[in-house]
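Enquirer: This is the structure I have questions about; it appears just below.
The values are calculated or read from the model by the stated rules, or taken from the named source; none is laboratory data. Just so you know, these numbers come straight off a predicted model, no measurement behind them. Because the Cβ atoms are built from the backbone with ideal geometry, glycine has one as well, and the counts that use them run over all protein chains shown.
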Amino acid sequence: MAQAKHNLLPIGIHLTPDAVHMVQLEQGADGVKVVSKASCRLSTSAETIARIVAAGDGTGEASGSDAAPVRGRTVETTYGRAQQFVRQTIATDGFRNKEVVINLPQEHLVIQHVRMPPMQPEELKAALPYELQGKLPFDPQAAVVRHIVAGTVSENNETKHDVLVLAVPRHIVEKHVSGMTRIGLTVSGVGVEPCAMCYCYTFAASHSGPSQAGPLCVMVVYLGTRATHVAILRGQETTFVKGIGQGTDHLIEAVAKVKGISLEEAADLVETWRQSAESATLDEAVETYNRSRRSLDHLIDEIKSCIRYHASLARGAGVDRLYFMGPGAADRALVCVLRAQLHIPCEVGDPFGTVMDKADPETAEPEMAVAVGLSLFGAQ
């Protein structure tokens, strides 16, 4: 009997200034399985506190242009550590080739909404660089630009397409591809967090049977340490993407104020909450976060605004379910507080379980969502 053909997928490498996550999947007739996975935290607690203070989020001793060199040094240092971890891990941890798909750092990604007259796909692609002149912090002609047509709107009695643009300077793309090439890897694809974090759900939708009610409308909220990304998809189609300039780092300062402790102590306490499964610890964390609601209100309002904007494009259609992804989604207390304010079905996303059709929020690894999505680039 002939053996079923297996499709070895590329290694998805999700590099952030704080951590690196790696996943390799294999697809066969019996579904998807994990070949290998690995993670490494790059930032120490001291570096996190230094970043908060430098950004003016903590004591306010430094901000604006004074913060930029500090952030730049930290990012360059941690990306160097990440590349060293990747090189060592691929050689020793069961990864079976050196073909990789990488993400581009979210700090270089710009998401821009524009409205364009209806036109053919190739015409739209050609017109976008001119439409984006003056709307990006860099020259659109010197950038890698991808777009999503999110829906149709009426503006001044004219029908227009609402277009989501994702752009990164081309030299940043070339820098990160060459960095992987220098350590002996072959880069077969490049992605970005707001899209890759959704691929486990688009993959699952593409392999599920038809539903009389139509495809579910799913929102994915990636709770990163430095920023949050929101995406909405219906079935296999992504219809909305937005970045929010607030990550879970903001919680550290809020907890410090509520508890009357230092930033260092607050960072350690938040980490303890994330690691503990005890109900008493969860209750303490939820109570503290509720007292810190001012630090979360902006994030909550932004998520609600995304839901309303999507409804305006989708003729009132709502979001059926929200999945929290990213490192912040491992904080059960934070998810509990957000769920109580959003008033829609919410749960922690399980990227591995979703692609294997056995999702379980209790055993989920939401921080691996982007790496899983990047490996799925080669899936059928």
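Enquirer: Given the criteria part of a loop (DSSP other than H, G, I, E, B), surrounded by 13 or more Cβ atoms within 10 Å (Cβ to Cβ) and either of a type in the set (Gly, Ala, Ser) or under 23 Å from the mean Cα position of the chain (by Cα) (or both), does Thr225 qualify?
Expert: Yes, satisfied.
Condition check ((1) surrounded by 22 or more Cβ atoms within 10 Å (Cβ to Cβ); (2) β-branched (Val, Ile, Thr); (3) not in a helix (DSSP H, G or I)) across all residues:
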residue: Gly179; (1), (2), (3): no, no, no
residue: Met219; (1), (2), (3): yes, no, yes
residue: His229; (1), (2), (3): yes, no, yes
residue: Phe240; (1), (2), (3): yes, no, yes
residue: Gly247; (1), (2), (3): no, no, yes
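Enquirer: Among the numbered conditions (1) in a strand (DSSP E or B); (2) buried (at least 17 other Cβ atoms within 10 Å of the Cβ); (3) in contact with a Gly (Cβ under 9 Å, 6 or more places away or on another chain), tell me where Ser188 comes up short.
Expert: (2)
Enquirer: Can you pull out the residues in region 203-224 that are within 17 Å of Tyr323 (Cβ to Cβ) and of a type in the set (A, V, I, L, M, F, W, C)?
Expert: Within region 203-224, Phe203, Ala204, Ala205, Leu216, Cys217, Val218, Met219, Val220, Val221, Leu223 meet the criteria.
Enquirer: Going by the structure shown, is Val319 outside any helix (DSSP H, G or I) and surrounded by 15 or more Cβ atoms within 10 Å (Cβ to Cβ)?
Expert: yes
Enquirer: Based on this model, can you work out whether Val86 counts as modelled with pLDDT under 85, crowded, with 17+ Cβ neighbours inside 10 Å, aliphatic (A, V, I, L, M) and in a helix (DSSP H, G or I)?
Expert: On the way: modelled with pLDDT under 85: no; crowded, with 17+ Cβ neighbours inside 10 Å: yes; aliphatic (A, V, I, L, M): yes; in a helix (DSSP H, G or I): yes.
The answer is no for Val86.
Enquirer: Residues of region 298-320 being touching a residue at least 12 places away in the same chain (Cβ under 8 Å) and within 30 Å of Asp249 (Cβ to Cβ), which ones?
Expert: His298, Leu299, Ile300, Glu302, Ile303, Lys304, Cys306, Ile307, Tyr309, His310, Val319
Enquirer: Restricting attention to region 99-125, and to residues there that are part of a helix (DSSP H, G or I) and more than 21 Å from Gly151 (Cβ to Cβ), which single residue is modelled with the highest pLDDT?
Expert: His108
Enquirer: With the requirement that a residue be of a type in the set (A, V, I, L, M) and surrounded by fewer than 14 Cβ atoms within 10 Å (Cβ to Cβ), what does region 262-279 give you? Break it down stepwise before answering.
Expert: Let us first name the residues in region 262-279 that are of a type in the set (A, V, I, L, M), namely 263, 266-267, 269-270, 277.
Hit for region 262-279 is Ala277, nothing else.
Enquirer: Can you say whether Leu251 is surrounded by 14 or more Cβ atoms within 10 Å (Cβ to Cβ), aliphatic (A, V, I, L, M) and farther than 24 Å from Ala364 by Cβ, as far as the supplied structure shows?
Expert: No, not satisfied.
Enquirer: Tell me yes or no: at least one residue of region 20-32 is on the phi < 0 side of the Ramachandran plot, modelled with pLDDT under 70 and polar (S, T, N, Q).
Expert: Within region 20-32, the subset on the phi < 0 side of the Ramachandran plot is 20-30, 32.
Next cut, modelled with pLDDT under 70 only: none.
The answer is no; no qualifying residue exists.
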